[in-house]
Amino acid sequence: KDIMEKSREEKIVDSNDSESEEHNDDILPALPKDLNHIPLLFSKLGEEESLNRAEEFYKLMNRRRTVRHFTRQNVPKEIIYNIIKTAGTAPSGAHTEPWTYVVVSSSNIKQKIREIIEEEEEINYKKRMGKVWTTDLKPLKTNWVKEYLTDAPYLILVFKQLYSIRPDGNKKMHYYNEQSVSLSAGILLAAIQYAGLVSLTSTPLNCGPALRTLLDRPKSEKLTLLLPVGYPAEDCLVPDLHRKSLEDIMVEF
Ligand code: IYR
């Protein structure tokens, strides 16, 4: 046992010696080695102002609903660009920013997306999802016919980048890409709501590869979400759902 421990210690010492450190110099960080650290831009709010903002933001976000019926009314592109820039402010593992937002406004491509999704969704509803899942969905009145895919002025497809390639040709690791893209998408939803638009967070089952190919994205990217974005139809109905209360979603120590 003593011998085992001794050799383990030696290994740790070995891996810390100058020879292997020299070897480690071959590996360069993905970010600049001499990255500057600068003072944080931060202006402190008074407590009252802070509370007001927190309440107002909650009220705004609590009005967000998933919308399945859109008008064809156009939305200025600058609004969409700002929303996506906002999503791009999300934190990410080692600042790898592992997201690609594909914005589709071309009627022709929206039609192709709709055809791909409706074909797969019909199989999903009829075969893949099973009795329990389709029964759970019944009250929401969803099905495989998805008019919103051609009605909404924009479709935003969120791709997560599993890795990327550095300028030197080496692979760049995208740590926590799943969490990073989820955080970015959450900020996207908040920005859509703040801009007075509506959307639907959809996750097209089994459509990832076909949509990735259609939109010319590399194999290193996986489709995670598809969001139609625009204005709700005049007669738009939403299910009368209620949200859990604070007591039901929080525990305090
Ligand atoms: N993706 C399908 C089915 C669907 C699944 C869940 I979970 C929902 O909350 C809503 C729908 C569709 O978009 O119809």
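The values are calculated or read from the model by the stated rules, or taken from the named source; none is laboratory data. Since the model is a prediction, treat every value here as computed from it, not as a measurement. FYI the Cβ positions are ideal-geometry reconstructions off the backbone, even for glycines, and counts take in every protein chain you see.
Evaluated against (1) of a type in the set (G, A, S); (2) under 26 Å from K59 (Cα atoms); (3) free of Cβ contacts under 8 Å to residues at least 60 places away in the same chain, S220 falls short on exactly one condition, (2). K171 falls short on exactly one of the conditions (1) within 15 Å of the ligand (Cβ to nearest atom); (2) without any contact (Cβ under 8 Å) to a residue 12 or more places away in the chain; (3) over 26 Å from D240 (Cα atoms); (4) among the basic types (K, R), and that condition is (1). Of the numbered criteria (1) surrounded by fewer than 17 Cβ atoms within 10 Å (Cβ to Cβ); (2) closer than 19 Å to L211 by Cα; (3) touching a strand residue (DSSP E or B) at 6+ places or on another chain (Cβ under 7 Å), the one K171 fails is (2). If you go through the stretch 183-210 and keep only what is of a type in the set (S, T, N, Q) and away from the ligand (no atom under 16 Å from the Cβ), you end up with S184, Q193. The number of residues in the stretch 85-99 being surrounded by 17 or more Cβ atoms within 10 Å (Cβ to Cβ) and at negative phi comes to 7.
The numbered conditions (1) β-branched (V, I, T); (2) touching a Lys or Arg at 6+ places or on another chain (Cβ under 8 Å); (3) farther than 22 Å from E221 by Cβ are all true for I123 except (2).
Could you tell me whether Q161 is in contact with a Pro (Cβ under 6 Å, 6 or more places away or on another chain) and modelled with pLDDT of 95 or more?
Yes, satisfied.
Residues of the stretch 110-128 that are more than 26 Å from G230 (Cβ to Cβ) and in contact (Cβ under 8 Å) with a residue 40 or more places away in the chain: I123, R128.
Counted as qualifying within the stretch 6-104 are the helices (runs of 4 or more DSSP H) with 2 or more residues that are modelled with pLDDT of 95 or more, namely 47-62, 77-87.
Regarding the stretch 125-141, can at least one residue be identified that is among the β-branched types (V, I, T), farther than 21 Å from D240 by Cα and within 23 Å of the chain's Cα centre (by Cα)? The answer is no, given that none of the residues of the stretch 125-141 is among the β-branched types (V, I, T), farther than 21 Å from D240 by Cα and within 23 Å of the chain's Cα centre (by Cα).
Restricting attention to the stretch 195-220, the residues being more than 22 Å from E119 (Cβ to Cβ) and assigned to a strand (DSSP E or B) number 2. Of everything listed in (1) within 13 Å of the ligand (Cβ to nearest atom); (2) charged (D, E, K, R); (3) touching a residue at least 24 places away in the same chain (Cβ under 8 Å), the single unmet condition for R166 is (1). Could you tell me which residue of the stretch 106-162 is nearest to the ligand (Cβ to nearest atom), considering only residues that are within 23 Å of A87 (Cβ to Cβ), of a type in the set (S, T, Y) and surrounded by 15 or more Cβ atoms within 10 Å (Cβ to Cβ)? Looking at the filtered set, the residue picked out is Y148.
When only residues in the stretch 138-162 that are aromatic (F, W, Y) and in contact (Cβ under 8 Å) with a residue 60 or more places away in the chain count, which is nearest to G208 (Cα to Cα)? Among them, the one singled out is F159. Note on the stretch 221-253: residues that are surrounded by 16 or more Cβ atoms within 10 Å (Cβ to Cβ) and either within 25 Å of the chain's Cα centre (by Cα) or of a type in the set (K, R) (or both) total 12.
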